[in-house]
Amino acid sequence: MKYISLLLLTILFSCSTVVERDFERVQTDEYYRDSGAAVYFLPLIPQWRDYSSASQCSRSTQIRYLNIKNLMTSFSLNHQNASQIQYAFNKIYREKAKGMDRSPTLKEVEQIFFSANDLVSATGGYLKRPKFKNVNIIWFDSYRENLSRLSRLMNSKSMLQGRPIFVSTCFLEDEMKSMMKKANVVYEGAFFVDFSYLTYFDEAGELTSEESLYIRSYLEKSVKNIRIYSNSKRPSFVKGRYKFIKY
């Protein structure tokens, strides 16, 4: 009986040793004190679901959506400034992630959020807002398979009547510029609004079912005449009053 007991103890000790070997050393720097910033983030969309139904395209870059309502409430912001924080957060995040061989930790993500918040508070944000009386918004995605047509549009007289603004639910600003440069499309002096600025919250901060661009929130009050150009249908994701032109 004594030998049986010793045998059982030996087996138990051996099992516990094997289990312990499966555990890795805890990285204590990955743990941090939650500052409450989590309430300003929406759940991360899986890469396979990162798709624009408006433009029928999959995106090459994943972004993080912020809870615009909570931002507006906590920091007494309007819709435009809250959206600017989301835009700035994603821009800073991409720049930081480029120089890393890993994804930013939760603590670093929080730091990026507060940096974006400070930036918008101090400067208004990265995304420039046109102050011209007349603007021409071009739905870039509708021309992505026909950039020669976009080139003709940019060289037309109508583009002289308003400052151009390229909008995309598929591509980031750098991606749009790269495609247009290769196709010899003129875009000097134009503004760019990519999907990093779009949000699922309306101007009152209420959650909606679709990703949208609220043009009156984005544009300065000095803008009076808004025309939107598309090579296909009217862009339903653009909310507000404007003149639609199919070209």
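Observations
Residues are listed down the side, and each one gets a yes or a no for (1) part of a helix (DSSP H, G or I); (2) of a type in the set (A, V, I, L, M); (3) modelled with pLDDT under 50; (4) in contact with a helix residue (DSSP H, G or I) (Cβ under 8 Å, 6 or more places away or on another chain):
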site	(1), (2), (3), (4)
Ser5	yes, no, yes, no
Thr10	yes, no, yes, no
Phe13	yes, no, yes, no
Ser16	yes, no, yes, no
Ser35	no, no, no, yes
Pro43	no, no, no, no
Ser60	no, no, no, yes
Ser83	yes, no, no, yes
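- Of the residues making up the stretch 227-247, those that are among the hydroxyl-bearing types (Ser, Thr, Tyr) and within 25 Å of Gln80 (Cβ to Cβ) are Tyr229, Ser230, Ser236, Tyr242.
- Any hit, the stretch 136-147, residues being over 17 Å from the mean Cα position of the chain (by Cα), open to solvent by 80 Å² or more (accessible area, probe 1.4 Å) and among the aromatic types (Phe, Trp, Tyr): no
- Cross-chain or 6+ apart pairs with Cβ under 6 Å, the stretch 120-141 first and more than 30 Å from Lys233 (Cα to Cα) and in contact (Cβ under 8 Å) with a residue 12 or more places away in the chain, then open to solvent by less than 10 Å² (accessible area, probe 1.4 Å) and assigned to a helix (DSSP H, G or I): Val120/Gln84; Val120/Ile85; Val120/Ala88; Gly125/Gln84; Gly125/Ala88
- Some residue of the stretch 211-226 being charged (D, E, K, R), surrounded by fewer than 19 Cβ atoms within 10 Å (Cβ to Cβ), assigned to a loop (DSSP other than H, G, I, E, B) and in contact (Cβ under 8 Å) with a residue 24 or more places away in the chain: yes
- Pairs are defined by a Cβ separation below 8 Å, a sequence spacing of at least 6 or placement on different chains, a first member in the stretch 66-80 that is under 9 Å from Tyr40 (Cα atoms), and a second member that is open to solvent by 50 Å² or more (accessible area, probe 1.4 Å); the pairs so defined are Asn67/Val39; Ile68/Tyr200; Lys69/Glu206; Lys69/Leu207; Asn70/Val39.
- Test result for Gln56, surrounded by fewer than 17 Cβ atoms within 10 Å (Cβ to Cβ), among the polar types (S, T, N, Q) and more than 12 Å from the chain's Cα centre (by Cα): yes
- If the condition is being farther than 22 Å from Lys131 by Cα and either touching a strand residue (DSSP E or B) at 6+ places or on another chain (Cβ under 7 Å) or free of Cβ contacts under 8 Å to residues at least 24 places away in the same chain (or both), then the stretch 157-176 contributes Thr169, Cys170, Asp174, Met176.
The values are calculated or read from the model by the stated rules, or taken from the named source; none is laboratory data. Only a predicted model underlies this, so the values are computations on that prediction, with no experimental measurement involved. Please note: Cβ atoms are built from the backbone with ideal geometry, for glycine as well, and neighbour counts cover all protein chains shown. Just so you know, the surface numbers come from the protein's heavy atoms only, side chains and all, with ligands and any DNA or RNA stripped out. Shrake-Rupley method; radii C 1.70, N 1.55, O 1.52, S 1.80 Å.
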